[in-house]
1. Specify the residue that is nearest to the ligand (Cβ to nearest atom); the eligible residues are those in region 145-164 that are part of a loop (DSSP other than H, G, I, E, B) and surrounded by fewer than 21 Cβ atoms within 10 Å (Cβ to Cβ).
2. Within the bounds of region 40-51, is there any residue that is free of Cβ contacts under 8 Å to residues at least 40 places away in the same chain, within 17 Å of the chain's Cα centre (by Cα) and part of a helix (DSSP H, G or I)?
3. Quick one: is V31 closer than 15 Å to Y196 by Cβ, at pLDDT below 95 and among the β-branched types (V, I, T)?
4. Give me a count of the residues in region 165-182 that are surrounded by 21 or more Cβ atoms within 10 Å (Cβ to Cβ), within 12 Å of the ligand (Cβ to nearest atom) and in a loop (DSSP other than H, G, I, E, B).
5. Of these, E110, E100, which one is closer than 18 Å to H124 by Cβ and surrounded by fewer than 16 Cβ atoms within 10 Å (Cβ to Cβ)?
6. Go through region 53-69 and report how many residues are more than 16 Å from the ligand (Cβ to nearest atom) and either in a loop (DSSP other than H, G, I, E, B) or within 10 Å of the chain's Cα centre (by Cα) (or both).
7. Between a first residue in region 121-138 that is near the ligand (Cβ under 10 Å from one of its atoms) and a second residue that is assigned to a helix (DSSP H, G or I) and at pLDDT 95 or above, which pairs have beta carbons less than 6 Å apart while being 6 or more apart in sequence or on different chains?
Amino acid sequence: MFRMGKEEIEAVKTVIKSTDLFRINNNAREVDHFEEEWAAKIGTKYALGLTSGTAALITSLAALGIGPGDEVIVPGYTFMATASAVLSVGAIPVIVEVDETLTIDPCEIEKKITKFTKAIIPVHLNGFPCDMDRIMQLAKKYDLKIVEDACQADGGSYKGMRLGSIGDIGTFSFNYYKIISSGEGGALVTNDKLLYQRALVDLSYLCWGPI
Ligand SMILES: Cc1ncc(COP(=O)(O)O)c(C=O)c1O
């Protein structure tokens, strides 16, 4: 369960006192601080603060250009947002069973890959890492994108790498039940500058098509 202290209270006070709550005016210095610190913590070049883990998943898929006609592989056991994010961009979630670790079974993934498959969303459920070596191998073999759902895994790691930093994009949730909470909130991380830029303008992408 999260704790809130002086530092958090001061940061919120700074924002309220500025009377400018919107990053659109380039005034979002507290969010900038958070993004710099989060990227450094997870070990990626870029982090983008968002309103929820669901928003992070949708934004990631939109940044990757995934949309109608595409299939995205998701595990059969997860929070519903993993699959509903795929539906939100107009793509089809394809369910793959989990194994005894309760994360997606890498042996089952290959059977569900079709010519329409564009991405896999491995979910590090309960902070338990997916078998990222095998998932990344499949991604390479079939030219698929990986969006890690690390919404339940803030700060976890796999073979020395932070969860969320291994695939193309990693997503996090800061809701009430999570390790870090901002009330509601989320973030995505990536090492890819173009994906970061596309994530920043994902709404215009969703409205008007590829940039
Ligand atoms: C695995 C997983 N993915 C995505 C989400 C969505 O996060 P949020 O509730 O911040 O939208 C959650 C939240 O419960 C989650 O547990």
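1. Residues of region 145-164 part of a loop (DSSP other than H, G, I, E, B): 150-156, 159-160, 163-164.
Applying the additional criterion that residues be surrounded by fewer than 21 Cβ atoms within 10 Å (Cβ to Cβ) yields 155-156, 159-160.
On the way: G155: 15, G156: 12, K159: 21, G160: 23 Å.
Among residues in region 145-164 that are part of a loop (DSSP other than H, G, I, E, B) and surrounded by fewer than 21 Cβ atoms within 10 Å (Cβ to Cβ), the one nearest to the ligand (Cβ to nearest atom) is G156.
2. Taking region 40-51 as the starting set, the residues that turn out to be free of Cβ contacts under 8 Å to residues at least 40 places away in the same chain are 40.
Filter once more, so that each one left must be within 17 Å of the chain's Cα centre (by Cα): 40.
In the following step, the residues that additionally are part of a helix (DSSP H, G or I) were identified as 40.
Yes: region 40-51 contains one or more residues that are free of Cβ contacts under 8 Å to residues at least 40 places away in the same chain, within 17 Å of the chain's Cα centre (by Cα) and part of a helix (DSSP H, G or I).
3. Details: closer than 15 Å to Y196 by Cβ: yes; at pLDDT below 95: yes; among the β-branched types (V, I, T): yes.
Taking the combined requirement at face value, the residue satisfies it.
4. 1
5. After applying the criteria, what remains is E100.
6. Within region 53-69, the first condition is being more than 16 Å from the ligand (Cβ to nearest atom), and the residues that meet it are 63-69.
The next check asks that each one be either in a loop (DSSP other than H, G, I, E, B) or within 10 Å of the chain's Cα centre (by Cα) (or both); those that pass are 64-69.
Within region 53-69, residues that are more than 16 Å from the ligand (Cβ to nearest atom) and either in a loop (DSSP other than H, G, I, E, B) or within 10 Å of the chain's Cα centre (by Cα) (or both) number 6.
7. Hits for this filter: I121/T82; V123/T82.
One line per residue, one yes/no per condition, for (1) farther than 13 Å from A187 by Cβ; (2) touching a helix residue (DSSP H, G or I) at 6+ places or on another chain (Cβ under 9 Å):
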{"position": "V31", "(1), (2)": "no, yes"}
{"position": "W38", "(1), (2)": "no, no"}
{"position": "G43", "(1), (2)": "yes, no"}
{"position": "A47", "(1), (2)": "no, yes"}
{"position": "L50", "(1), (2)": "no, yes"}
{"position": "T59", "(1), (2)": "no, yes"}
{"position": "T78", "(1), (2)": "yes, yes"}
{"position": "L87", "(1), (2)": "yes, no"}
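The values are calculated or read from the model by the stated rules, or taken from the named source; none is laboratory data. Everything numeric in this text was worked out from a predicted model, so none of it was measured. Here the Cβ is made from the backbone with ideal geometry for all residues, glycine too, and neighbour counts use every protein chain on show.
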